[in-house]
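Structure, as structure tokens:
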Amino acid sequence: MVTGEMGTDDVEGVAPVVARTRPTPAAGHDDVRVAAERATSDSVGARLRARREASGISLRQFARQLDVSASFISQLETGKAKPSVATLYSICAALDMSIDELFAAESSREAVDEAVVERGVSTSTGLRDALLKGWSASGDDRGHSPLVLPHERRALVLDSGVTWQRLTATNHTHSDFMFVRYDVGGSSTSDGRLVRHAGVEYGFVISGTLEVTLGFETYRMGAGDSISFDSEIPHRLCNVGDEPVEAIWFDQHYAHGGE
């Protein structure tokens, strides 16, 4: 097992093993969730506001479209309120954006500038251009590596006790691969209603008891259980147990009217 930096005497024709630095002690799920609660609300709200304004939609018009109050949209965009899972889907559909886009951190150029500063290299050396073309000049790339360590996950903290953590290193327009957590009593909708959207969902429960309502049917999932369903079927997810639910969830998004 590789635990340190790669040696210089690499075997010709064999791809080098890229070692990633893990924090000590390792960050657990709770550590990541707490960090997410401190950092995500403002940035998500700012992205939503920027997308709304770029689409030429006024705040009041947007609120009417979503059937919510203008004050709620204002609080959401300033990080003072969190949306439910259902509201977030509605917002993304109205703005023609994927949920995965909300996980995006700083732009590629900003990430490169940060990395250049960390490496202590002058921005005039041309390293920035090399990094933007794929980090061809060096190896430790947190922004472009396909590997995601637990403490590096981008997270969305939603209303009613739900947290999503992206398990991919980059954005994917038509899919979301996530570690999800539902606190005790947490639900995908705060008012008990069912929601629907274009796509297919696949879920695997790691721990806890998750109740999944699909139309007129209700399924109770425990550790090791999996499920898949058409997201066009009205549905709701809820933690009905006495411990947090942790699960792996994959959403495949389709445009309305087909894949």
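Take segment 181-191 and flag every residue that is assigned to a strand (DSSP E or B) and under 15 Å from Gln165 (Cα atoms).
Of everything in segment 181-191, those that are assigned to a strand (DSSP E or B) and under 15 Å from Gln165 (Cα atoms) turn out to be Arg181, Tyr182.
Here are some residues: Val205, Val195, Val200. Which one is closer than 16 Å to Gln252 by Cβ, over 15 Å from the mean Cα position of the chain (by Cα) and not assigned by TED's automatic domain parsing to the domain that holds Met97?
On inspection, the qualifying residue turns out to be Val200.
For (1) out of contact with any strand residue (DSSP E or B) (no Cβ under 6 Å at 6 or more places or on another chain); (2) part of a strand (DSSP E or B); (3) on the phi < 0 side of the Ramachandran plot, each residue gets a yes or a no:
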| site | (1), (2), (3) |
| --- | --- |
| Phe179 | no, yes, yes |
| Arg193 | yes, no, yes |
| Thr213 | no, yes, yes |
| Ala223 | no, no, yes |
| Arg236 | no, yes, yes |
| Glu243 | yes, no, yes |
| Asp251 | no, yes, yes |
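Would it be correct to say that Val68 is within 17 Å of Asp159 (Cβ to Cβ) and modelled with pLDDT of 85 or more?
So Val68 fits the description; yes.
Let's see how each residue does on (1) exposed (fewer than 15 other Cβ atoms within 10 Å of the Cβ); (2) basic (Lys, Arg); (3) over 28 Å from Pro146 (Cα atoms):
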| residue | (1), (2), (3) |
| --- | --- |
| Gln165 | no, no, no |
| Thr170 | yes, no, no |
| Ser187 | no, no, yes |
| Arg196 | yes, yes, yes |
| Glu201 | no, no, no |
| Val205 | no, no, no |
| Tyr219 | yes, no, yes |
| Gly224 | yes, no, no |
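Would you pick out the residues in segment 186-228 that are among the basic types (Lys, Arg) and more than 13 Å from Val85 (Cβ to Cβ)?
Arg220
If you scan segment 156-177, which residues turn out to be modelled with pLDDT under 85 and within 23 Å of Thr87 (Cβ to Cβ)?
If the condition is that a residue be modelled with pLDDT under 85 and within 23 Å of Thr87 (Cβ to Cβ), then Leu156, Val157, Leu158, Asp159, Ser160, Asn171, His172, Thr173, His174 are the ones that fit.
Would it be correct to say that Ala115 is within 28 Å of Ile233 (Cβ to Cβ) and either among the aliphatic types (A, V, I, L, M) or at pLDDT below 85 (or both)?
It is false that Ala115 is within 28 Å of Ile233 (Cβ to Cβ) and either among the aliphatic types (A, V, I, L, M) or at pLDDT below 85 (or both).
Please list, ordered by first then second residue, the pairs with beta carbon atoms under 6 Å, 6 or more apart or interchain, first in segment 60-85 and more than 17 Å from Ser188 (Cβ to Cβ), second β-branched (Val, Ile, Thr) and part of a helix (DSSP H, G or I).
Note: pairs meeting the criteria are Phe62/Ile73; Ala63/Ile73.
Looking only at segment 226-246, filter to residues that are over 25 Å from Ala198 (Cβ atoms) and among the charged types (D, E, K, R); which one of those is surrounded by the most Cβ atoms within 10 Å (Cβ to Cβ)?
My answer is Glu246.
The values are calculated or read from the model by the stated rules, or taken from the named source; none is laboratory data. If you're wondering where the values come from, they're calculated on a predicted model, not measured in any experiment. For neighbour counting, all protein chains shown are included, and Cβ atoms are generated from backbone atoms with ideal geometry for every residue, glycine included.
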